[in-house]
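Data first, discussion second: the structure below is written as structure tokens.
Readers should treat all values here as calculations from the given coordinates under stated rules, not as data from a laboratory. Fair warning: this is a prediction, and the values are worked out from it, not measured in the lab. With ideal geometry, Cβ positions are generated from the backbone for all residues, glycine too; neighbour counts draw on all protein chains shown.
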């Protein structure tokens, strides 16, 4: 079955180029294009795509609000946000709104295709060039804070076991399941089980939201080591699913 994708970008030429890249794959079908967030929300409701490729900065309704509305209406739809700048405060907002990841617009075609496949299968994808800087910048603006939408999840941290907290910190450090297993001297299967329980207890969709939560609650802070150095994922790598 083909992957069904909606392209949301206010620049027609970019949508056309992206459509050509995706449809050349043979198993990816672009089922609609939107020039603003309002159109993206309407199309998502009609088409129920697997993935919405969402430009963050769009007229009428921006990509953040469009993401929030799409995910609220249908949590089976995955949103992959696109940003032009290495450090875009809106990218963090897209993650909080429910996006399963974000990439820079200058991403290579093969990486874009791989990212769409990853999020459609339930994984979370982030650009290693952006993630650490973005999260650290946000943490400096709101150190240790967990207001608003994250208050319930912040309280839920108390329900995690010590091992689950270790795993959450490792996820926030950008480690894969294999790297977490090596750090904690356990099997990858055990790590996967721990990650699944952490996400379930905190009511999170994927590892990207776990990273956001860890920073917003102050569980992880820039420059602090947690049994291993904070480091980004290798270039081109997707963050593992649970």
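Take the Cα of residue 163, step 7 Å toward its Cβ, do the same at residue 190, and the gap between the two points is 0.6 nm.
Take the Cβ atoms of residue 29 and residue 75, set R0 to 25 Å, and the FRET efficiency comes out at 0.70. Going from the residue with the fewest nearby Cβ atoms within 10 Å to the one with the most, 9, 75 rank 75, 9. Between residue 108 and residue 11, the contour length at 0.36 nm per residue exceeds the Cα-Cα span by 33.1 nm.
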